[in-house]
């Protein structure tokens, strides 16, 4: 049976303040927890129903995590989901350091003030799909260890290294030979851009786009072509969702590079 202090401790990890202090975050659901158990992340503890532990003995065979059987009522008390999903894991937040070499090997995705947890999680998942290993977030982005972000990544949070840095400082120190691509409402149509094999791609805020302070560092402004038909209606879509824009640009960068 879970003690009240233990329940309170787990519940506190829903808050960034306590996640930062404990250097831990939570993940829930069979698929997500199973993926993270088999990743390089360090699992602190797993709280699950008896039936879940029974069905997943092989997956947990080499795990060094504390395994705690809980009732559905106890799981409901510690869960951040509307409907708890059999298992919750407490995971150590990995210690990662910035290294300039990441710009040499592949594309690096930079996120400027991404606030929406669903967008952030989907961007991480999309980056993983396209083989992107590093994402640099501005300090005013949503915390990637927010439970809603973690759920939306569908396990990709274990495969993509995410750092929080002052993006202006990083870009100011970047070698001039490295191309910096950014999405704008005005710019070169995406279909006319020949991407290099490496570089930086900046995705801006959901409503404001890329900050004006970063615009001067962008060497190639990208406009994602719209097929909106003005003759059919007087209204038009204001902009693309940030995660959709990221997916489109990453597809182009990976498939149409010179």
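Coordinate-derived values only; no laboratory data. Please read these numbers as outputs of a predicted model, since none were measured by experiment. Every residue, glycine as well, gets a Cβ built from its backbone with ideal geometry; the counts of neighbours run over all protein chains shown.
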Restricting to Cα pairs below 8 Å that are 6+ residues apart, what does the relative contact order work out to for region 102-255? Please round to a whole percent. 30
Percent RCO, i.e. relative contact order, over region 98-185, from Cα pairs under 8 Å lying at least 6 residues apart: 31
Helix 242-255: angle to the longest alpha-carbon principal axis of the chain, degrees 0 to 90, nearest 10? 70
Under the Debye formula (equal points on every Cα, no solvent term), log10 I(q)/I(0) of the chain at q = 0.09, 0.11, 0.12 Å⁻¹: -0.47, -0.66, -0.76
Please arrange 45, 71, 79 by how many other C-beta atoms lie within 10 Å of their C-beta, fewest to most. 71, 45, 79
Please report how far the C-alpha centroid of region 102-136 lies from that of region 3-38, rounded to the nearest whole angstrom. 23
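Determine, for 128, 20, the number of other Cβ atoms within 10 Å of each Cβ, and report the residues in order from fewest to most.
Numbers: 128 19, 20 13.
The order, fewest Cβ neighbours first, is 20, 128.
Just to verify a number: FRET efficiency for residue 59 and residue 148, C-beta to C-beta distance, R0 = 35 Å, to 0.05? Show your work: numbers first, answer last.
On the way: r = 25 Å, r/R0 = 0.70.
For R0 = 35 Å, the calculated efficiency reads 0.90.
In nm, what is the difference between 0.36 nm times the number of residues separating residue 176 and residue 20 and their Cα-Cα distance?
Taking residue 176 through residue 20 to full extension adds about 52.7 nm, to one decimal.
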Computed over the chain, the relative contact order (Cα-Cα under 8 Å, seq sep at least six) in percent reads 19
Distance-filtered residues of region 113-127 - backbone nitrogen under 17 Å, label point 7 angstrom along residue 207 Cα→Cβ: 113-120
Please work out how much length the chain gains when fully extended from residue 12 to residue 254, using 0.36 nm per residue of separation minus the C-alpha to C-alpha distance, in nm with one decimal. 83.1 nm
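Using 0.36 nm times the number of residues separating residue 93 and residue 219, minus their current alpha carbon distance, what extension gain do you get? Show your work: numbers first, answer last.
Values: separation 126, 0.36 × 126 = 45.36 nm, distance 3.40 nm.
Once the chain is fully extended between residue 93 and residue 219, it gains 42.0 nm.
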Treat each spin label as a single point 7 Å out from the Cα along the C-beta direction, and report the residue 104 to residue 69 distance in nm. 5.3
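To make sure I understand, if each residue's beta carbon is the centre and we count other beta carbons within 10 Å, what order do 244, 142 fall in, fewest to most? If you can, show how the numbers build up before the last one.
Working: 244 15, 142 20.
In increasing order of surrounding Cβ atoms, one gets 244, 142.
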Among 147-153, 171-177, what's the highest-first ranking by average C-beta atoms within 10 angstrom per residue? 147-153, 171-177
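In deg cm²/dmol, rounded to 500, what helix-only [θ] at 222 nm does the chain give when every DSSP H run of at least 4 residues adds -39500 (n - 2.57) and the total is split over its residues? Write out the running numbers ahead of the final one.
Values: 11 runs with 85 residues, N = 258.
That comes out to -8500 deg cm²/dmol.
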For the chain, find the longest principal axis of its Cα atoms and tell me its angle to the long axis of helix 117-129, 0 to 90°, nearest 10. 80
Bridge type composition, region 102-255 - antiparallel percent by DSSP, nearest 5: 5
